[in-house]
Ligand code: GLA
């Protein structure tokens, strides 16, 4: 019955319009508008994205004062051909070798798909080749997010060999364009790069096929009309592409001082042929606009992600102990059960068995062999995986396990049985990275195998596995598929193959928590998060590095998705030694976990861990669904500070860290945001017996905390503090 009303509602609210020349299409959220224009020649033009325009008809008679016989005004989805000469969103070569595509508006319809979510579909067609492109804009009113993608259908008589097929084109006019984007490497993901765009084209891209987000991330923020990044003031556009393969985001300031942004799959590895009758769906580009600085742009994306963009819809995974850095490959059942005992004793809620539990003929005792042979190693765990799951459950913990199903070691039975499943170019050798090859997810048989790795692992414990850490530890090299006829399809089909598997798995296992790990943060994107619940933010768990990694990651992806663990010292990646409190205080700004051998802790450390885990539970709902305010950037000086505020503004948690010694008397001033000025907040400092803020235990007005601010005595390197605020 409910279903019937939903269909009825869609039918009633969906009406196909055939706009006659010179009409406007408005795509609105509560505080933003995107306006398109069907001009008198039936071209779909781009007019505006930003602050709301209630009445688009006011554009009527708009004159850009450009020469009419030179180039075009900004187009909604520019194509190579006609008068357009900048980088196109779409380009194809047809069988008659014509390289032009000229799209004309045909019709559009607007559908209210659910409360506060509206989908606008605009059909364009090239009258000569009959190629059709549907532009789909989905507007999320409350989050001020608009997602867009294109659906390209070849209705013509010729094949179309596509060299460009972007998801989205955006055209912005401002005086200055300050681009913030992310760069990095393994164990140093999501570092901030910032630059004022100049004429020419700036490209952010990746061509590694898988594990595409270590070096750059398919996301950015763009501050308009300013040379300085401001958290709380000014107009900011933010964008993120939902795609886990090669991507390309380009930013070109043209001769009219307008910024042309194109975002989509990176078509660098050859054209993709669209056969007659075939449809190609590009991934979603997620946009938001804020008139209140970068902070609001992030909060918009976070809210959208929690409501629509993440598989778990923002439900954070349990706190956990992961076996990796505590045991690596060196464990037997008693080692693991002792870790489970300790995890329970410390107040953690899940135990995750990492790499090393499988491989019989080629036991996985190092990274040199075993991937592909997902049978448990009975020498290490004779009692079996189900025993461990039961043991954890018996202690009141959930149980998780690690798999890396897209990979195979040459030293494995799988590699011997199915050499044709390995990604490689025909007639050339496959390269190894971390001693492993990549399996060819373009091949449906490989998709079935990868599905079965997850499925069979679940069966090992009679489906009593609560969490899967899905890893992916290499990128594509010597690309090629023995299955494909046209290697130009490789990169796109690989990612689509991955999504096919994940979709099937989600249908069968809707409730298993699944983490996207790829040598740390190599697969952190909204394409993956459609199927995964969280990401492994980085293999680098060292406190100081984590400040920069989490600061960057949480600009785009909400804290509920970012796994953050406490590990031992000296840190295994950086060798740095930071206090346990500092490590806990930064790990508590995401989904808290531990990744060390509890047996090696002193009594004091053990006790402190219990205390920090207990205090995390007091405010974790704020990390999970609160609004993030970045108070002090770690790039600006000696401190980093953030806070999370509950929706009703009655509770908040403030977190601050000293990252550089600066002289004994220079305390930071941390002015708070997002609180209710008229409420009184009681402040309690957590995880310490020697509070660093004189106001600990006192009550302050929201007005005082916002207008005056806190001055905790965080002066020595790695001093840190967490304050819990509750309205009285
Ligand atoms: C990758 C992951 C680590 C760990 C190892 C296991 O490096 O990022 O967390 O799971 O693989 O081999």
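Every read-out reported here was derived from the displayed coordinates using simple, explicitly stated rules and does not represent laboratory data. Small disclaimer: the values here were computed from a predicted structure and weren't measured. Cβ sites come from the backbone with ideal geometry, for glycine too, and all protein chains shown count toward neighbours.
Restricting attention to the range 128-158, the residues that are over 17 Å from residue 274 (Cα atoms) and outside any strand (DSSP E or B) add up to 4.
Checked against (1) more than 14 Å from the ligand (Cβ to nearest atom); (2) closer than 22 Å to residue 184 by Cα, residue 569 meets all criteria but (2). Just to be sure, is residue 283 in contact (Cβ under 8 Å) with a residue 40 or more places away in the chain, farther than 23 Å from residue 94 by Cα and in contact with a helix residue (DSSP H, G or I) (Cβ under 9 Å, 6 or more places away or on another chain)? So residue 283 passes the test.
Consider residue 595 carefully, then state whether it is within 25 Å of residue 306 (Cα to Cα), touching a helix residue (DSSP H, G or I) at 6+ places or on another chain (Cβ under 8 Å) and in contact (Cβ under 8 Å) with a residue 60 or more places away in the chain. Judged against the criteria, residue 595 is not a match. Inspection of the range 419-435 identifies at least one residue that is part of a loop (DSSP other than H, G, I, E, B) and free of Cβ contacts under 8 Å to residues at least 12 places away in the same chain. Of the listed requirements (1) within 16 Å of the ligand (Cβ to nearest atom); (2) under 28 Å from residue 210 (Cβ atoms); (3) more than 32 Å from the chain's Cα centre (by Cα), residue 361 misses just one: (1). Taken as a whole, the structure places residue 401 among residues that are within 15 Å of the ligand (Cβ to nearest atom) and within 26 Å of residue 512 (Cβ to Cβ).
Can you find a residue in the range 305-323 that is in contact with a strand residue (DSSP E or B) (Cβ under 6 Å, 6 or more places away or on another chain) and under 28 Å from residue 130 (Cα atoms)? Scanning the range 305-323 turns up no residue that is in contact with a strand residue (DSSP E or B) (Cβ under 6 Å, 6 or more places away or on another chain) and under 28 Å from residue 130 (Cα atoms).
Looking for something surrounded by fewer than 22 Cβ atoms within 10 Å (Cβ to Cβ), within 25 Å of the chain's Cα centre (by Cα) and within 16 Å of the ligand (Cβ to nearest atom) - is there at least one such residue anywhere in the range 410-422? Scanning the range 410-422, I find no residue that is surrounded by fewer than 22 Cβ atoms within 10 Å (Cβ to Cβ), within 25 Å of the chain's Cα centre (by Cα) and within 16 Å of the ligand (Cβ to nearest atom), so the answer is no.
Candidates are the residues of the range 496-517 that are surrounded by fewer than 16 Cβ atoms within 10 Å (Cβ to Cβ) and either within 16 Å of the ligand (Cβ to nearest atom) or in a helix (DSSP H, G or I) (or both); the one that is nearest to the chain's Cα centre (by Cα) is 503. Please specify each residue of the range 518-542 satisfying the condition of being under 12 Å from the mean Cα position of the chain (by Cα), assigned to a loop (DSSP other than H, G, I, E, B) and buried (at least 24 other Cβ atoms within 10 Å of the Cβ). Answer for the range 518-542, where residues must be under 12 Å from the mean Cα position of the chain (by Cα), assigned to a loop (DSSP other than H, G, I, E, B) and buried (at least 24 other Cβ atoms within 10 Å of the Cβ): 522, 523, 524, 525, 532, 533, 537.
For residue 336, state whether it is under 20 Å from residue 599 (Cα atoms), part of a helix (DSSP H, G or I) and within 16 Å of the ligand (Cβ to nearest atom). Criteria met by residue 336. Within the range 680-703, the set of residues being buried (at least 17 other Cβ atoms within 10 Å of the Cβ), farther than 26 Å from residue 583 by Cα and under 35 Å from the mean Cα position of the chain (by Cα) comprises 681, 702.
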